[in-house]
Structures are given as C-alpha cells and as structure tokens.
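Here the structure comes first, spelled out in structure tokens, and everything after it is commentary.
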C-alpha cells in the first residue's frame, strides 16, 4: 500500500509556503522561522535531506521511496517526473536514533546526482518563465513510500514526523510532528506487508 510518508516536504520547500498541512497538522512556528532563511531558488539541492521519524516496529519498504515532481506550465498542462530516493547515512540521524533508544527510528534520504541535475534544470525553467512574465509556472514536489512492519502488524495510532535539512538550516527542521499515519491514508487498516530480512534497522 503506497501512501505519502513525507507529506509534500519538498513542495513546501520550493513553493516557499510557510504552512504545510498534512491532515490537521501544520508546520511548527519555530520551523517556519528557520525555513524562512532558505532561498529555495538557489539552495544546493545536493545538500537537501529529507527525514522521517517512524514508530517502533515500522520501517520504510526498501526501494519504494520516490520523489515526484509535477511541472505546471503556463498553459495549465502538467508533466510528472519521478525519481528514486537514496537512503543516506547522516551523522545527525545516527545521533538522534541513539537518543530515542529504539522507541522510534529516523530515516534520511537524498537525491542522487542525476536527479539533482534534473531538478536544477526544472527549477531554472520555472524561474525563467516567471521572469518573462509567464503566470502559472510552478513546481510541485512530493515524497512517497511504502512501509512494512518488523514483527507483528501494529495496532493503534502510528505517529510519524517529517524533517527537512538544507545547507542553510544545517540541521533537521521538523515539518510535521506526530501525525497519525492512519489519518493521512484515511484507513484504519493500512494493509502493511511484513519486512523482509535485511530491511533497515
């Protein structure tokens, strides 16, 4: 079952919107202050990191993490670009996982070099159209994944949190805190699959 694990983290970033809604959740005010310092037209995309905090026993299903970029053109048409996300060993995530003592787990991701080049091109394309007076040109980005469970399928609320880090923020900034995964999907039963051996710890 595919669902939006990260909400629309990078859509939030690129459009410069300072309120991100995921269900009834909103980006914390302190995070908005940090993100207001980021120029998403010029920030180094290779340094962008997205992270998710999942409850104990739940893991992202390996190789299902995707970044979808929808380019909306002035004529109203859209073109979708889908990229695989790459798990990354981030020192800050390792420290955070130690602090949580296994109760919850952080997972961090980045774009590979080819995806970074493509996104830079798309970003420049949209910026050029805006400078020439074209209206309606925009990028909408979202991150999705599937999830699996380690032992038994979990019951009850499944709170997740999402984070973003750029060269300007220097550390992970929370975008959404403690949103119940069931409320995002709209289903009490998620139909999760068991993780295969070798899935992320």
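The values are calculated or read from the model by the stated rules, or taken from the named source; none is laboratory data. Remember, it's a predicted structure, so these values are computed and weren't measured experimentally. Counting neighbours? That spans all protein chains shown, and the Cβs are built from the backbone with ideal geometry, glycine included.
Condition check ((1) under 16 Å from residue 179 (Cα atoms); (2) modelled with pLDDT under 75) across all residues:
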position	(1), (2)
5	yes, yes
9	yes, yes
15	no, yes
20	yes, yes
33	no, yes
42	no, no
48	no, no
62	no, no
70	no, no
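When residue 108 is evaluated against the numbered criteria (1) over 26 Å from residue 158 (Cβ atoms); (2) in contact (Cβ under 8 Å) with a residue 40 or more places away in the chain, which criterion, by number, is the only one it fails?
Single failed check for residue 108: (1).
Among the numbered criteria (1) under 17 Å from the mean Cα position of the chain (by Cα); (2) touching a residue at least 40 places away in the same chain (Cβ under 8 Å); (3) closer than 15 Å to residue 146 by Cα, which one does residue 57 miss?
(1)
Pick from region 92-113 the residues that are in a helix (DSSP H, G or I) and in contact with a strand residue (DSSP E or B) (Cβ under 8 Å, 6 or more places away or on another chain): which of them is farthest from residue 65 (Cα to Cα)?
100
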